[in-house]
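Student: Got a structure here, written out as structure tokens. Questions coming.
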Amino acid sequence: MAKDNYLGSELWRIRHSTAHVMAQAVRDIFPEGAAKIAIGPPIADGFYYDFDLPRPLTPADLEEIEKRMRKVLSEEHEFIRRELSADEAREIFKDQTYKQDLIAGLEAGGFDEYGEPIEEDTVISTYSHDDFVDLCRGPHVGSTKDLNPKAIKLLNVAGAYWRGDERNPMLQRIYGTAWRTEQELNKYLHKLEEAKKRDHRRLGKDLDLYSTNPDIGSGLVLWHPNGAYVRYKAEQYCMDEHLKNGYEFVYTPHIGKAQLWETSGHLTWYDEYMYSALDIDGDPYFLKPMNCPFHIMIYKNSLRSYRDLPLRWAEWGTVYRYERSGVLHGMLRVRGFTQDDAHIFCSPEQMPDEIDRVLNFCLHILRGFGMKEFHAYLATRDPDKSPGDSERWDDATEALRAALERAQLPFDIDEGGAAFYGPKIDLKMIDALDREWQLSTIQFDFNLPDRFDLTYIAEDGKQHRPYMIHRALLGSMERFMGVLVEHYGGAFPFWLAPTQAVLIPITDRNLPYVEKAAEQLRENGIRVKVDSRTDRMGAKIRDAEKLKIPYMLVVGDREEEAGTVAPRLRTGDQLDPISIEELLVRMSEEIKNHDQV
RNA sequence: GCCGACGUAGCUCAAUCGGUAGAGCAGUCGCUUUGUAAGCGACAGGUCACGGGUUCGAGUCCCGUCGUCGGCUCCA
């Protein structure tokens, strides 16, 4: 559902009202005044409400809360709106410290009843039902009769800081969902179950793609042969495309002296993500959190002419960043990862063309993986976290905006989300649970060329300052792999599949023929396995289906006599028996076209 | 990092009140020679995450560490 249509819609109001009923129930299971209520908005697919409570909530509490909610919903209570003065509101919520805070924001203006900044004028209002009153702008359903007791469910309890700020108290947040009908609720719960099956952490185990190990450390990924194969094919494709697109490759070390990171500004602006120094002969060295300073040093290695520009240097560069333990997530957020990084050095005049070129190249690469749906952001400056004069920031931001518009790519503004050295365009993909993960990034940089005093000799024979673009298209191989697994639900297209075909002999006497067929496929570059176990064919098919292998090639006496194999696709479709030669033609077409099935 | 939950065989899970750690799948071996999603049987597989404590006795209770999960930013 489009966001604009959701706000204030029937489902939105159902969830908003259900949140109020939940807050009422939570209040009632604690002694008078012990439960402090904070905020409880509707969200996509449900709602939450934050509470400050004298003790942690248990699963039994959730059941009790749900029970009390159903009781309220079995009665009829109107939702009644009332507008009131700040003083009246303060009196009604006199024991509710968080509401007092919100009332102050409403009274001063510029904040809504959730403490979020808004532009429109605020009117202080409450909604009440039964004996429960909440500071609220609405809208709500008419009465509790409009809420279906069979279509609500509380999902989980989580911690959340008051106003999202970690300096504030930690509240307890209850997430719930609410729908019109029991069927809708069940459909949604079923969708959550299905999403779990697509989770890359689940599939990473099932398909033996990767693991992590506590003895190695959190957020450090071990790529198993299957995962490594997919990565290899993905990298091979991307690298070839890079060469075609005018890039050159470089390789650089994993560590560099402190002075380098001082010059680059990383130790000033990025140190919270950097690991502590290594001591080498008394000099401090740091693991690289980014590749840029190294590429810059290659640039500085010679005198550069305008005739050399643009220089497009790419490196599959492995970086290490300290991420807080609680944010690590499978392959999607890790501490060591390999970016498909590149830096483009160009003249100011070349900049707009280069941005266009990168953006188009990026879309081309992503399409090669069947990715067409993503969310584009233009990330702007956070003045507290970035040096440089604001005029150049504005110019650079406008240059990126113009490129997005030329590419006719819809985008949102990510206010203050820029890198410390310049604004950027980010493309984010959606995971199995509808969470967004940033893959591609195209970053404008006028900062590092200054810091490192980069120059080129222009036509006028004088030294000029080049511009720099940082960009990663897949983002990192780790995160890309995670998103890719979820994108395909583990069923990689033929060109990427770690095992492309499994040969299934029906009886042992078919084994020599099968081995020969396998050899022929292998010689033609197909990744094939032979299932020579003494199990029945049905069992072998079942196992191959679980591994999502694109082709199962069944061989019995009939095929052997005819000199064919009987292909079964993982979709369950069976093809007519076909010779290896014909099969190879079909397969090479699929590889060439990156067929997505 | 913070709040909460969790950690038992390669995987998915069980073990009542604190009383000898169990199953299915996977694996190995044997039998079966099989026609499109699980043949039959046997065997093997464990420092109950790790460290400490309480107890006659700890997978179970307590403390710490490590790790994982949900959330904390987005999800309007």
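Student: Take the alpha carbon atoms of segment A:27-98, find their center, do the same for segment A:415-489, and report the distance between the two centers in whole angstrom.
Tutor: 44
Student: Where does each of A:25-31, A:310-316 land if you order them by average Cβ count within 10 Å, highest first?
Tutor: Order by mean packing, descending: A:310-316, A:25-31.
Student: Can you give the relative contact order of chain A as a percent, counting alpha carbon pairs under 8 Å and 6+ residues apart?
Tutor: Result for chain A is 10 percent.
Student: Roughly how many whole Å is it from the C-alpha centroid of segment A:126-168 to that of segment A:490-528?
Tutor: Here the two parts' Cα centres lie 56 Å apart.
Student: How big is the antiparallel share of DSSP beta bridges in chain A, given as a percent to the nearest 5?
Tutor: Here the antiparallel bridges make up roughly 85 percent for chain A.
Student: Go through A:Thr455, A:Gly105, A:Gly538 and say which Cα lies farthest out towards the positive end of the charge dipole of chain A; charges sit on Cβ, +1 for Lys and Arg, -1 for Asp and Glu.
Tutor: Highest projection toward the positive end goes to A:Gly538.
Student: Still on this model: Please compute the Kirkwood hydrodynamic radius of segment A:32-77 from all pairs of different C-alpha atoms, in Å with one decimal.
Tutor: 12.4
Student: Lysine pairs in segment A:501-592 with Cα distance under 22 Å, only those 8 or more apart or on different chains: how many are there?
Tutor: Lysine pair count for segment A:501-592: 8.
Student: Given only helices, namely DSSP H runs of n ≥ 4 each adding -39500 (n - 2.57), what is the per-residue ellipticity at 222 nm of chain A, to the nearest 500 deg cm²/dmol?
Tutor: Calculated from helices alone, the mean residue ellipticity at 222 nm is -11000 deg cm²/dmol.
Student: Taking the C-alpha atoms of segment A:402-480, how large are the radius of gyration and the largest Cα-Cα span, Dmax, in Å?
Tutor: 16.2, 56
Student: Taking the Cα centre of segment A:515-559 as origin and charging only Cβ (+1 Lys, Arg; -1 Asp, Glu), how large is the dipole, in debye to the nearest 20?
Tutor: 220
Student: Answer with one residue from A:Gly115, A:Thr268, A:Phe30: the one whose Cα lies farthest towards the positive end of the charge dipole of chain A, charges on Cβ with Lys, Arg +1 and Asp, Glu -1.
Tutor: Positive-most Cα among the choices belongs to A:Phe30.
Student: Calculate, axis by axis, the spread of Cα positions in segment A:3-198 along the three principal axes, and write the results as whole Å, longest axis first.
Tutor: Computed over the Cα atoms, the extents are 48, 35, 34 Å.
Student: Any chance you could get the radius of gyration and Dmax over the Cα atoms of chain A, in Å?
Tutor: Rg, Dmax (Cα atoms, Å): 29.3, 92.
Student: Distances over 21 Å make up what percent of all Cα-Cα pairs in segment A:249-321?
Tutor: Percent of Cα pairs beyond 21 Å in segment A:249-321: 31.
Student: In 10 Å bins starting at zero, report the fraction of Cα pairs in segment A:501-592 per bin as a rounded %.
Tutor: Each 10 Å bin holds this share of Cα pairs: 18, 56, 25, 1.
Student: Starting at the first residue of segment A:561-566, write each ³J(HN,Hα) from the Karplus equation 6.51 cos²θ - 1.76 cosθ + 1.60 with θ = phi - 60°, in whole Hz, x for Gly and Pro.
Tutor: 5, 7, x, 10, 10, 9
Student: Also, I was wondering about something else. Would you mind working out the magnitude of the charge dipole of chain A relative to its Cα centre, with +1 at each Lys and Arg C-beta and -1 at each Asp and Glu C-beta, to the nearest 20 Debye?
Tutor: 1640
Student: At 10 °C and 1.306 mPa s, grab the translational diffusion coefficient of segment A:301-447 from Stokes-Einstein with a Kirkwood Rh over Cα pairs, rounded to a whole number in µm² per second.
Tutor: Diffusion coefficient, whole number: 95 µm²/s.
Student: Can you order the peptides A:532-540, A:292-300, A:74-82 by their average number of other Cβ atoms within 10 Å per residue, highest first?
Tutor: Those peptides, ordered most packed to least, come out A:292-300, A:74-82, A:532-540.
Student: When the expected Rg is taken as 2.2 N^0.38 Å, what fraction or multiple of it is the alpha-carbon Rg of segment A:546-597?
Tutor: This ratio for segment A:546-597 stands at 1.18.
Student: Ranking A:His487, A:His464, A:His190 by Cβ neighbours within 10 Å, fewest first, what do you get?
Tutor: Result, fewest neighbours first: A:His190, A:His464, A:His487.
Student: Of A:Ala151, A:Gln183, A:Ala86, whose Cα points farthest to the positive end of the dipole of segment A:3-198 (charges on the beta-carbon: +1 Lys, Arg; -1 Asp, Glu; origin at the Cα centre)?
Tutor: Value computed over the given set: A:Gln183.
Student: If every alpha-carbon in segment A:264-375 counts as one equal scatterer, what log10 I(q)/I(0) does Debye give at q = 0.12, 0.14, 0.15 1/Å?
Tutor: The calculated log intensity ratios at q = 0.12, 0.14, 0.15 Å⁻¹ are -0.63, -0.83, -0.93.
Student: Note down the magnitude of the dipole of segment A:501-592 about its Cα centre, charges +1 on Lys and Arg C-beta and -1 on Asp and Glu C-beta and zero elsewhere, to the nearest 20 debye.
Tutor: Here segment A:501-592 has a charge dipole of around 480 debye.
Every number here is computed from the coordinates shown, using simple stated rules; none is lab data. Remember, it's a predicted structure, so these values are computed and weren't measured experimentally. Neighbour counts run over all protein chains shown; Cβ positions are idealised from the backbone, glycine included.
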